[in-house]
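A short write-up of the structure that comes next.
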Amino acid sequence: MTDLRELYQEVILDHGRRPRNFGELPEANRHAEGYNPLCGDTARVFLNLDGGVVKDARFLGKGCSISTASASMMTEAVKGKTLAEIEALFTRFHGLVTGTAQGVPELGKLTVFAGVSEFPVRVKCASLPWHTLKAALDGSRAPVSTE
Ligand code: ZN
């Protein structure tokens, strides 16, 4: 279990240091901004949504390694997914980081965030990009706040 935890930390640190899909997306037709006042994390999510499928996703933001890694892995996870698949993924991810899921949900690589549920303050860092993603998909104009 300790080895697994170390592996998880390594993956999160790697994505935190070298985030994937970082930058603006010129073809974006969905965009939202989010803020986590508790930690000071910001997230801007850009999506290219075409025919109910997220063709491409990128993000910008400044934050702790948990929020950056979460945004990085989220953009990887949602590419090529339908809105229904993303909704299901969001629900499972939320259950994982809040520790409310029954057992460990099917989340593939995103399972590395399981440890976050032990640190209530970090739950908002990990979920900020996802709330921002949801706002982008819903087409809401107001910035998202985790508070
Ligand atoms: Zn944070």
Can you pull out the residues in the range 106-143 that are in a loop (DSSP other than H, G, I, E, B) and either within 21 Å of K55 (Cβ to Cβ) or open to solvent by less than 20 Å² (accessible area, probe 1.4 Å) (or both)? L107, G139, S140
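For (1) more than 18 Å from V123 (Cβ to Cβ); (2) modelled with pLDDT of 95 or more, each residue gets a yes or a no:
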site	(1), (2)
L49	yes, yes
V54	yes, yes
F59	yes, yes
S72	no, yes
T75	yes, yes
T98	no, no
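Please go through the range 36-64 and pick out each residue that is within 11 Å of the ligand (Cβ to nearest atom) and open to solvent by 50 Å² or more (accessible area, probe 1.4 Å). If you could, list the steps in order and put the result at the bottom.
Of all residues in the range 36-64, those within 11 Å of the ligand (Cβ to nearest atom) come to 36-43, 61-64.
Residues satisfying the conditions are P37, L38, C39, T42, K62.
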Between E118, E106, which is within 16 Å of the ligand (Cβ to nearest atom) and either farther than 14 Å from A71 by Cα or free of Cβ contacts under 8 Å to residues at least 12 places away in the same chain (or both)? E118
Filter the range 40-65 down to the residues that are over 13 Å from E76 (Cα atoms) and among the hydrophobic types (A, V, I, L, M, F, W, C) and list them by number. A43, L49, V53, L60, C64
Answer residue from the range 72-85, given it is outside any loop (DSSP other than H, G, I, E, B) and not polar (S, T, N, Q) and is surrounded by the most Cβ atoms within 10 Å (Cβ to Cβ) among those: M74
Quick test for you: out of A101, A69, A88, pick the one residue that is more than 16 Å from the ligand (Cβ to nearest atom), aliphatic (A, V, I, L, M) and assigned to a helix (DSSP H, G or I). A88
If you go through the range 23-35 one residue at a time, how many are open to solvent by 40 Å² or more (accessible area, probe 1.4 Å), away from the ligand (no atom under 16 Å from the Cβ) and not basic (K, R)? 5
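The values are calculated or read from the model by the stated rules, or taken from the named source; none is laboratory data. In this text, all values refer to a predicted model and were calculated from it rather than measured experimentally. Cβ: placed from backbone, ideal geometry, glycine included. Neighbour counts: every protein chain shown. The area values use the complete protein model at the heavy-atom level, side chains included, leaving out ligands, DNA and RNA. Shrake-Rupley method; radii C 1.70, N 1.55, O 1.52, S 1.80 Å.
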